[in-house]
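To start, the structure itself, in C-alpha cells.
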Amino acid sequence: MSEPLVRCVGLSRIYRVDGREVAALRGVDFSVPAGAFVAVTGRSGSGKTTLLNLIGGLDRPTAGEVYLGGRLLSTLSERERTELWRRQVGFVFQSFALLPTLSAFDNVALPLRITGVNRRERDARAQECLELVGLAEWAGHRPYELSGGQQQRIAIARALVHRPVLILADEPTGELDSATSREIFALLQRLTSEQRVTVIVASHDPLVHEYATWSVRLQDGRIEHSPAP
Ligand code: ADP
Ligand code: MG
C-alpha cells in the first residue's frame, strides 16, 4: 500500500496551564489517504483543533510524530515548516478570517502576494479559485457585503490558491445554518474529487457524516471510533 498523505503516530499534546497539565491528545494514531474527505468529530474539548494544528504544523506534539506526504514534520527546519503551511496546506476556520478592507478577490489573492507570486499569476489563480467556489461574480465585493456562506466559500478559495495537497477546516460550518452548511460540505467534497485535494474537517455538526468519506471520533483526546477507510 502506498504511503498515506497524513500519518499520525502516537500523537500526544499536553498543555501546561498554571502548573497544571491538560492532555488534549493522548496517543492518537490516524492516517488519511490522498483524496479522502475525513471528518474528525467529537464534543467540544475532545482535541479536534489540537489535532488539526499538529497536522498542519502550527503546533508541535509533546510526543509522537506527524508525517505529511511521507515527510516527518519534526525534522523540518523552521523555514521548511513555514513553507509547508503556507503552500502545501490550506486552512479554513469557523470565523472565515477574511480581511474586511479587502475585496473578495484580494482576500483570495493575499496568500500569493505574501509569498511573492507575480501579479499576473496571482490574478489568474485568484480568478480560477473564485470560479471553483462559484463566486466569480462577487470578486469586487467586501466580506461584509456577502452572506456567511459566501464568506466561507471565499475563505475556501483562499485556502486553495496555492494548490495545496491538504485542506484543514476547523468547524467550517459553526456559524452557518444547516442549508448553508450542506453547501459548504458539498463544496469540500467536490474539491476532493475534482481538485485532488485531501480534506480533513473538524466538526461537531452531524451533517458532516453525509458528506465525508469516513469519520473518526475523538473523546478526551483519544480516537474512539475509527472504521477502516
Ligand atoms: P476541540 O477542538 O475538540 O474543542 P481542543 O483541541 O480545542 O478541542 O481542546 C482540547 C483540550 O485542550 C481542551 O481541554 C482544551 O481546554 C485544551 N486546550 C486547547 N488549547 C489549549 C491551549 N492553548 N492552552 C491550554 N489548554 C488548551
Ligand atoms: Mg475546536
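The values are calculated or read from the model by the stated rules, or taken from the named source; none is laboratory data. Predicted model, so just to flag it, every value in this text is computed and none were measured. Backbone-built Cβ (ideal geometry, glycine too); neighbour counts: all protein chains shown. Just so you know, the surface numbers come from the protein's heavy atoms only, side chains and all, with ligands and any DNA or RNA stripped out. Shrake-Rupley method; radii C 1.70, N 1.55, O 1.52, S 1.80 Å.
Tabulated results
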{"quantity": "Residue within the range 37-48 that is in contact with a Pro (Cβ under 7 Å, 6 or more places away or on another chain) and either open to solvent by less than 50 Å² (accessible area, probe 1.4 Å) or closer than 20 Å to residue 195 by Cβ (or both) present", "calculated": "no"}
{"quantity": "Yes/no for residue 161 being open to solvent by less than 40 Å² (accessible area, probe 1.4 Å) and touching a helix residue (DSSP H, G or I) at 6+ places or on another chain (Cβ under 6 Å)", "calculated": "yes"}
{"quantity": "Matching residues in the range 95-114 - criterion: being open to solvent by 40 Å² or more (accessible area, probe 1.4 Å), of a type outside the set (A, V, I, L, M) and in contact (Cβ under 8 Å) with a residue 40 or more places away in the chain", "calculated": "95, 100, 101"}
{"quantity": "Count - residues of the range 180-205 that are under 16 Å from residue 43 (Cβ atoms) and free of Cβ contacts under 8 Å to residues at least 40 places away in the same chain", "calculated": "1"}
{"quantity": "Any hit, the range 113-126, residues being more than 17 Å from the chain's Cα centre (by Cα) and under 25 Å from residue 173 (Cβ atoms)", "calculated": "yes"}
{"quantity": "Selection count where residues are in contact (Cβ under 8 Å) with a residue 40 or more places away in the chain, under 15 Å from the mean Cα position of the chain (by Cα), closer than 25 Å to residue 195 by Cα and within 16 Å of ligand 1 (Cβ to nearest atom), scope the range 49-94", "calculated": "10"}
{"quantity": "Criterion (closer than 23 Å to residue 27 by Cα and touching a Leu at 6+ places or on another chain (Cβ under 9 Å)) met by exactly one of 158, 182, 222", "calculated": "222"}
{"quantity": "Any hit, the range 143-163, residues being small (Gly, Ala, Ser) and either in contact with an Asp or Glu (Cβ under 7 Å, 6 or more places away or on another chain) or farther than 30 Å from residue 51 by Cβ (or both)", "calculated": "yes"}
{"quantity": "Test: residue in the range 115-135 that is in a strand (DSSP E or B), touching a helix residue (DSSP H, G or I) at 6+ places or on another chain (Cβ under 8 Å) and open to solvent by 60 Å² or more (accessible area, probe 1.4 Å)", "calculated": "no"}
{"quantity": "Cross-chain or 6+ apart pairs with Cβ under 7 Å, the range 15-43 first and closer than 12 Å to residue 217 by Cα and in a loop (DSSP other than H, G, I, E, B), then open to solvent by 90 Å² or more (accessible area, probe 1.4 Å) and at pLDDT below 95", "calculated": "42/204; 43/204"}
{"quantity": "Scan of the range 164-200 for residues that are among the aliphatic types (A, V, I, L, M) and in contact with a helix residue (DSSP H, G or I) (Cβ under 6 Å, 6 or more places away or on another chain), ordered by number", "calculated": "165, 167, 168, 176, 184, 197, 199"}
{"quantity": "Residues being assigned to a loop (DSSP other than H, G, I, E, B), closer than 17 Å to residue 52 by Cβ and either open to solvent by 20 Å² or more (accessible area, probe 1.4 Å) or more than 14 Å from ligand 2 (Cβ to nearest atom) (or both) - total across the range 167-212", "calculated": "6"}
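Let's see how each residue does on (1) over 22 Å from residue 70 (Cα atoms); (2) among the basic types (Lys, Arg):
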position: 144; (1), (2): yes, no
position: 168; (1), (2): no, no
position: 187; (1), (2): yes, no
position: 208; (1), (2): yes, no
position: 222; (1), (2): yes, yes
